[in-house]
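The values are calculated or read from the model by the stated rules, or taken from the named source; none is laboratory data. It should be emphasised that the depicted structure is a prediction, and the values quoted were computed from it without experimental measurement. Using ideal geometry, Cβ is built from the backbone for each residue, glycine included, and neighbour counts are taken over all protein chains shown. Keep in mind that these areas ignore ligands, DNA and RNA; they rest on the heavy atoms of the full protein, side chains included. Shrake-Rupley method; radii C 1.70, N 1.55, O 1.52, S 1.80 Å.
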Amino acid sequence: PQDKEQVKLSETPTDRIRIVLVEPASPGNIGSVARVLKNTGFHDWVLVNPGVWRIDETDWMAHGATDLLDGVRVVGSLDEAIDDCHLVIGTTHRDGRFRVIDNDYRPVLHESAAVAAEGHRVAVIFGREKDGLSREELLRCQQLIRIPSAVPHPSFNLSHAVLLVAYELFRRLGAPAQRSEGPPLATVAGTNHVVHHILTALDTIGFTPFNSDVRNFERVLRRFLSRAPLERRDAAVLHRICGQIKKFSGRSSKLN
């Protein structure tokens, strides 16, 4: 199925920025993030599996931003939080194999602001206070950023990290901007559909990944497709190729 266009023409670029907190452990941090978002003009934010979070401490730390606490969306999985987004940016301080991380996060955020100005929805994901985002969650991101620090193993408070990112986006989007036209991008849900279609098409021709590890091949495929935001027309081309593979595979099996 084609992606459903979720972005409304009446929205501003600021409306198209989404802050996602994955399993935040501290209700006080959630309140502090609400205060940060209130001061930087953002209101679209999502909590993924926060546990018991709305307590007195949350409201105290929000300090005038309880309306954002009332309006936050709570979901059970990261996919639910980002399915309708076109560009997903993950925050991390850990290096990893095949993991490309931009140490200067500001240019990435400036580019993200331009994507939002073109009419697309952008999500910035923040991981758990203790151990950040998992490898699987990082694979859901097209770009990864790191906030530099004076120590080799930084430990920014969650609300402080959100403040640095939100303020940079606020500086970029603070002035009213007219929407400029850009190519329509595939949402996360649309990209997931492309991955599934490729895997099923390859299965029909007996494709065997290295060491027969389909799960690892899927990670490689997602990493490849996440090099840059996937345009919807490119997703359509990939669907067409997969459809042809299935079609000719079916013909071949009949002849045999």
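Picking from residues in region 115-137 that are among the aliphatic types (A, V, I, L, M) and open to solvent by 10 Å² or more (accessible area, probe 1.4 Å), the one that is nearest to R219 (Cα to Cα) is V115.
Can you confirm whether D3 is of a type in the set (D, E), surrounded by 15 or more Cβ atoms within 10 Å (Cβ to Cβ), over 23 Å from E168 (Cα atoms) and at pLDDT below 95? Criteria met by D3.
A quick yes/no check of all residues on (1) touching a Phe, Trp or Tyr at 6+ places or on another chain (Cβ under 9 Å); (2) open to solvent by 40 Å² or more (accessible area, probe 1.4 Å); (3) modelled with pLDDT under 85:
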{"site": "N216", "(1), (2), (3)": "yes, yes, yes"}
{"site": "A228", "(1), (2), (3)": "no, yes, yes"}
{"site": "Q244", "(1), (2), (3)": "no, yes, no"}
{"site": "F248", "(1), (2), (3)": "no, yes, yes"}
{"site": "N256", "(1), (2), (3)": "no, yes, yes"}
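Scanning region 127-143 for residues being in a strand (DSSP E or B) and within 10 Å of the chain's Cα centre (by Cα) gives a total of 1.
The strands (runs of 3 or more DSSP E) found entirely in region 34-118 include none that carry 2 or more residues being over 17 Å from the mean Cα position of the chain (by Cα). Of the residues making up region 182-212, those that are among the hydrophobic types (A, V, I, L, M, F, W, C) and open to solvent by 60 Å² or more (accessible area, probe 1.4 Å) are I205, F207, F210.
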